[in-house]
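Asker: Please find one structure pasted underneath; my questions will follow.
The values are calculated or read from the model by the stated rules, or taken from the named source; none is laboratory data. Predicted model, so just to flag it, every value in this text is computed and none were measured. All Cβ positions, glycine included, derive from the backbone under ideal geometry; neighbour counts span all protein chains shown. The area values use the complete protein model at the heavy-atom level, side chains included, leaving out ligands, DNA and RNA. Shrake-Rupley method; radii C 1.70, N 1.55, O 1.52, S 1.80 Å.
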Amino acid sequence: QVQLVESGGGLVQTGGSLRLSCAASGSIFSIDAVGWYRQGPGKQRELVATISSRGTITYADSVKGRFAISRDNAKNTVYLQMNSLKPEDTGVYYCNTLRLRAGTYYSSPSWGQGTQVTVSS
């Protein structure tokens with residue numbers, strides 16, 4: 001089973017940028033998709049962006065136009081470029097592998113430590 005490790009979080013001001021990395025312990029080429037999630041203070045974990053093995057990308061409405069997900073199969077890494085950050089983007093960001101079943105993505109039950117993103121106003 002591929003393990004994922006998140007990094008790149010930090011403290012930024014409103015309007016700033018960060019690039020998160022999700023490094024896999026093995027090949028991500030055959031994984032159906034990889035997703036970035038976040039969990040804000042007192043909130044449930046939410047799916048922010050996904051990228052499939054074919055390069056199909058989806059975003060949550062709240063981040064469209066500001067975030068960009070990408071993958072480098074040679075480095076077994078998925079990135080999340082976050083621009084125009086807002087205080088409401090604050091939270092712990094996680095990545096996870098996704099399996100596609102009957103048109104729906106299902107995440108692995110195993111989660112990493114995540115990386116903290118804090119956006120100050």
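Asker: Please list, in order along segment 107-121, the HN-Hα scalar couplings obtained from phi with the Karplus expression 6.51 cos²θ - 1.76 cosθ + 1.60 (θ = phi - 60°), rounded to whole Hz, x for Gly and Pro.
Answerer: Karplus-based 3J(HN,Hα) across segment 107-121 equals 7, 5, x, 9, 10, x, 7, x, 9, 7, 10, 10, 10, 8, 8 Hz.
Asker: Leaving ligands, DNA and RNA out of it, report the carbon-plus-sulfur percent of the accessible area of the chain at a 1.4 Å probe. Don't jump to the answer; show the numbers that get you there.
Answerer: Details: 3130 of 6520 Å².
The value for the chain is 48 percent carbon and sulfur by accessible area.
Asker: Based on the mean of other Cβ atoms within 10 Å per residue, sort peptides 31-38, 82-89 so the most packed one is first.
Answerer: Ranked by mean Cβ neighbours within 10 Å, highest first: 31-38, 82-89.
Asker: Around Asp32, under 11 Å between beta carbons, what's the net of Lys plus Arg minus Asp minus Glu among the other residues?
Answerer: Here the charged neighbours net out to +3.
Asker: Using alpha-carbon pairs under 8 Å, 6+ residues apart, how would you state the relative contact order of the chain in percent?
Answerer: Reported relative contact order: 35 percent.
Asker: By how many nm would the segment from Glu88 to Ala23 grow when fully extended, if each residue of separation counts as 0.36 nm and the alpha-carbon distance is taken off? Mind showing how you got there, number by number?
Answerer: Details: separation 65, 0.36 × 65 = 23.40 nm, distance 2.53 nm.
Gain on stretching Glu88 to Ala23: 20.9 nm.
Asker: Under a Cβ-Cβ cut-off of 15 Å, what is the net charge of the residues other than Ala60 that fall near it, where Lys and Arg count +1 and Asp and Glu count -1?
Answerer: Working: positive: Arg38, Lys43, Arg45, Lys64, Arg66, Lys86; negative: Glu46, Asp61, Glu88, Asp89.
Neighbourhood net charge equals +2.
Asker: With both bridge residues required to lie in the chain, what share of the DSSP beta bridges run antiparallel, to the nearest 5%?
Answerer: 90 percent
Asker: Another question about this same structure. Determine the sum of side-chain charges near Leu80: Lys and Arg each +1, Asp and Glu each -1, restricted to other residues whose C-beta is under 12 angstrom from that of Leu80.
Answerer: Values: positive: Arg19, Arg38, Arg66, Arg71; negative: Glu6, Asp89.
Once all neighbours under 12 Å are counted, the net charge is +2.
Asker: Then there is this: Could you work out the relative contact order of segment 58-121, using alpha carbon pairs under 8 angstrom and six or more residues apart, expressed as a whole percent? Spell out each step's value before the answer.
Answerer: Numbers: 72 pairs, mean separation 18.2, N = 64.
With pairs under 8 Å counted, the relative contact order is 28 percent.
Asker: Still on this structure, I have one more. Kindly state, to the nearest 0.05, the FRET efficiency for Ala102 paired with Lys75, given R0 = 41 Å and r defined as their beta-carbon distance.
Answerer: FRET efficiency, Ala102 to Lys75: 0.85.
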